[in-house]
Each structure stands twice: as structure tokens, then as C-alpha cells.
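Data first, discussion second: the structure below is written as C-alpha cells.
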Amino acid sequence: MGIYLVSVGAQEWLDGDDEHEAEGGRGALASALNDELRRRGQAPYESVPEAAAFVRGSGLSFEEKLVPAMDGLAALCREHLSPREGELLLGWSVLVPFSLDEEIRLPVESAYTDDTVVAGAPEVLALAQRLAAVIGLPVEAIPEACDNLDLTMWFLEGQAKETAESRPGPWAEDLDTAYYVALYLRAAQHSLRRGCPMTYC
């Protein structure tokens, strides 16, 4: 149980399934997003890759769990981002692998809200990179492939503390906040690298 941030493959995104369709889920979401993109003069988002078979360490899929409290991240955003930037980083329910001038709010239910807020991965990545620089996150030391809770376990099972001993800095003083900065950073990178949407479930 709990909230997960995951990548979405083409079949689930474009076709949906009976359960999601009954809830106005991802097939309906894909259609509503494309309608809005066309209205804005942008090309529809149709080149979604198929979900890859799970291979640990391959970086072809993404699944991480939102375990720690997010209070520290919210405070970090208030201190170093504008209110609009903070809302962009924390307020999306779907991330797409292309730039958006502003978030798109769609009247389609998401997993935890009555509507869906779509943000562009390039914009989210830029904000996450700024926060990573602020806290001195050792980006090269944290897992890059996040196929199956790799990042979650790195922070929860002691590897982050071990790294903090040799790589001290602001990030090591609040590992919960560092986790979420790393999570949004890796999620945006994965979306752009694979060309896939990301969402919560």
C-alpha cells in the first residue's frame, strides 16, 4: 500500500483498461490531453513507448514509493522557489516528456484528485536541478535506474547515510528532503530519456 510514482506504457496510456476507463482514467486522460494540445497549437502526444519487461538496473521502467514526510521539501521550495515554481514542482499529477509553457489542468480524475494537472518534464527537471544544487545533492552517487524502488531503498536502507559520511553537506542533514529532490530529478530524467509519461498510483 501507499503512493507510488511510476512510468506508464503505451497500452495503458493510449487504450487504458476496463478499471481505469470506468473511472475516466488514462485512455480518457490521453484523449483530453491531446484535445488541449491541439487547441494550443501543439502536436498531440502519441509516441508513447510500450512498457518494457522488468529488468533490474535497466532503467527502462520507473517505480518509486513516496515514503518520507514531504514537509522539508515544501519548506525548501518556499525558501528557494517562487510560489508558482513550487506549485509546478509539487502540484502535478502527470508528467509528460515535452515542454509546456504552463501546466494543463484537465477535468479527468487522477488517482488522488478530482482533476489532473499535467506538467512538462523539462520544466520539472530544471526546478529539481536547482534544488539539488542548493542542497549539494551528490547526484552521481544516487541510483540512476529506478526500476523497482532502487532510490527508495538507497535512502531507507542505509546507503544514503553511508554516503553522507564521505559526502557531507546540506543534503545529508535532511535525508527525507534529499530523497524527494532526487525523486523528482530522476522521474523527470526518466520521462525525457524514455519519452514516457509518469503518474502516481
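Taking H placed 1.01 Å from N in the peptide plane, check which residues at least 5 places from Gly9 or on another chain put their amide H under 5 Å from its amide H.
Ala51
Quick check on segment 78-144: take the gyration tensor over C-alpha atoms, sort the square-rooted eigenvalues as a ≥ b ≥ c, and tell me if it's rounded (a/c under 1.5), prolate or oblate.
prolate
Quick check: from the Cα gyration tensor, does segment 100-201 come out rounded (a/c under 1.5), prolate or oblate?
prolate
How large is the accessible surface of Val67 in square angstrom, using a 1.4 angstrom probe and rounding to the nearest 10?
70
Please identify the GluC sites (Glu not before Pro) of segment 144-195 that satisfy two criteria: DSSP loop assignment and at most 13 other Cβ atoms within 10 Å. Which are they?
Sparse-neighbourhood loop GluC sites (Glu not before Pro): Glu157.
I'd like the accessible area for Ser47: 1.4 Å probe, protein heavy atoms, all chains in place, Å² to the nearest 10.
100
Identify which of Trp154, Trp13, Trp171 has the largest mean-square fluctuation in a Gaussian network model of the chain, with springs joining Cα atoms closer than 10 Å.
The residue that fluctuates most here is Trp154.
What ranking of Arg194, Arg78, Arg167 comes out by heavy-atom accessible area, probe 1.4 Å, highest first?
So the residues, ranked largest to smallest area, are Arg78, Arg167, Arg194.
Show that you can apply the helix-only estimate: for the chain, add -39,500 (n - 2.57) for every DSSP H stretch of four or more residues, divide by all residues, and state [θ] at 222 nm to the nearest 500.
My calculation for the chain gives -13500 deg cm²/dmol from helical runs alone.
Just subtract the alpha-carbon distance of Ser31 and Leu14 from 0.36 nm times their residue separation and send over the number in nm, one decimal. Walk me through the numbers before you get to the answer.
On the way: separation 17, 0.36 × 17 = 6.12 nm, distance 0.79 nm.
In short, 5.3 nm is gained.
What chymotrypsin sites (Phe, Trp or Tyr not before Pro) in segment 87-121 are in a loop by DSSP, with at most 10 other Cβ atoms within 10 Å of the Cβ?
For chymotrypsin sites (Phe, Trp or Tyr not before Pro) across segment 87-121 that sit outside H, G, I, E and B with at most 10 neighbouring Cβ atoms in 10 Å, the list reads Tyr112.
Enumerate the amide H contacts of Arg105 below 5 Å, restricted to partners 5 or more residues apart or on another chain; note that Pro and chain-start residues carry no placed amide H.
Val118
Ranked from the most accessible area to the least, with a 1.4 Å probe and all protein chains present, what is the order of Asp101, Asp150, Asp71?
In descending accessible area the options line up as Asp101, Asp71, Asp150.
Please find the FRET efficiency linking Ser58 to Phe98, where r is the Cβ-Cβ separation and R0 is fixed at 22 Å, and quote it to the nearest 0.05.
Once the sixth-power term is evaluated, E becomes 0.40.
The values are calculated or read from the model by the stated rules, or taken from the named source; none is laboratory data. A quick note: this is a predicted structure, and the numbers were derived from the prediction, not measured. When we count neighbours, we look across all protein chains shown, and the Cβ atoms used for this are built from the backbone with ideal geometry, even at glycine. Just so you know, the surface numbers come from the protein's heavy atoms only, side chains and all, with ligands and any DNA or RNA stripped out. Shrake-Rupley method; radii C 1.70, N 1.55, O 1.52, S 1.80 Å.
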